[in-house]
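Q: Shown below is the structure under consideration.
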Amino acid sequence: MERITPRYVFEARVRIRVQRASQNLTMEGWARDISETGISAFVAQGLIIGELVTLEIPLAASHWHSIPAKVARCIGTQYGFQFTALSPGQRENIRFAVRDRPPIGDYDRSTDAKFPEHQRETETRPSTKEQETQRDFGTHFSDRARKLLKQGYTPKVAVELVLHEMEFEQGNNSSAMEKARADAEDFLRRVRQGLI
């Protein structure tokens, strides 16, 4: 299906405000892409499709915009938000924010084209450390980060998102999070060496 407006790569922290019963909740998320009709973001906490929210998005340096939206879709922890009231000024700020960014379709295709090649290379010559940790948390971390790479995230953002998700899952388990942070550093090192 053809989109009305193109999506562009847009990676930034966002805040999601939602009112449930008498509670005002604020959640943090990480935007993946944006268009003049909506935004896609990773959110560790659960949202409900159709729920009305207010998004706070940094469209300009040190300036956040509050934009009413509704939750339009959910795939795991990735949500699609449809803007419900975008002012002409906010529309112009979105255009300005994405002026030098690639359209998401082109970005996805280039990432998908590179990823299978890197994946095959890594699978054909795993390191000794990778073989030793095949069944542990580290491999789990690497698998999750690779999935985000394939979806178009940069390695640094993918690692931040996986760490954020694991913090949410692990709660106060400090030893698990120490291991996850070590795995994150190892993952980024392997990316820099071209092994991933």
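The values are calculated or read from the model by the stated rules, or taken from the named source; none is laboratory data. Source: prediction; values computed, not measured. A quick note on method: Cβ atoms are made from the backbone with ideal geometry, for glycine too, and the neighbour counts reach across all protein chains shown. Note: accessible area is taken over every heavy atom of the protein model, side chains too, but ligands, DNA and RNA are not part of it. Shrake-Rupley method; radii C 1.70, N 1.55, O 1.52, S 1.80 Å.
Q: Hey, can you tell me all the residues within the range 44-77 that are within 20 Å of Val98 (Cβ to Cβ) and either out of contact with any strand residue (DSSP E or B) (no Cβ under 9 Å at 6 or more places or on another chain) or open to solvent by less than 30 Å² (accessible area, probe 1.4 Å) (or both)?
A: Leu55, Glu56, Ile57, Leu59, Ala60, Ala61, Ser62, His63, His65, Ile67, Ala69
Q: Quick one: which residue in Ala97, Ala145 is at pLDDT 80 or above, open to solvent by less than 40 Å² (accessible area, probe 1.4 Å) and under 30 Å from Glu36 (Cβ atoms)?
A: Working: Ala145 fails: under 30 Å from Glu36 (Cβ atoms).
So the residue among Ala97, Ala145 that is at pLDDT 80 or above, open to solvent by less than 40 Å² (accessible area, probe 1.4 Å) and under 30 Å from Glu36 (Cβ atoms) is Ala97.
Q: As an exercise: evaluate Arg192 against (1) open to solvent by 40 Å² or more (accessible area, probe 1.4 Å); (2) more than 27 Å from Val71 (Cβ to Cβ); (3) at pLDDT below 65 and give the number of the one condition it does not meet.
A: (3)
Q: If I go through the range 75-106 residue by residue, how many of them are more than 22 Å from Ala21 (Cα to Cα) and free of Cβ contacts under 8 Å to residues at least 40 places away in the same chain?
A: Selection size over the range 75-106: 13.
Q: Is it fair to say Asp33 is surrounded by 14 or more Cβ atoms within 10 Å (Cβ to Cβ) and among the acidic types (Asp, Glu)?
A: Details: surrounded by 14 or more Cβ atoms within 10 Å (Cβ to Cβ): yes; among the acidic types (Asp, Glu): yes.
Here the answer is yes, as Asp33 does meet what is asked.
Q: When you look at Gln151, is it open to solvent by 50 Å² or more (accessible area, probe 1.4 Å) and modelled with pLDDT of 70 or more, yes or no? So that I can check it myself, show each step before the final result.
A: Working: open to solvent by 50 Å² or more (accessible area, probe 1.4 Å): yes; modelled with pLDDT of 70 or more: yes.
It is true that Gln151 is open to solvent by 50 Å² or more (accessible area, probe 1.4 Å) and modelled with pLDDT of 70 or more.
Q: Continuing with this model, one more query. Name every residue in the range 3-16 that is touching a strand residue (DSSP E or B) at 6+ places or on another chain (Cβ under 7 Å) and either more than 21 Å from Glu36 (Cβ to Cβ) or aliphatic (A, V, I, L, M) (or both), in order of residue number. Step through it out loud before you land on a result.
A: At the first step, the residues of the range 3-16 found to be touching a strand residue (DSSP E or B) at 6+ places or on another chain (Cβ under 7 Å) are 6-16.
Within the range 3-16, Val9, Ala12, Val14, Ile16 qualify.
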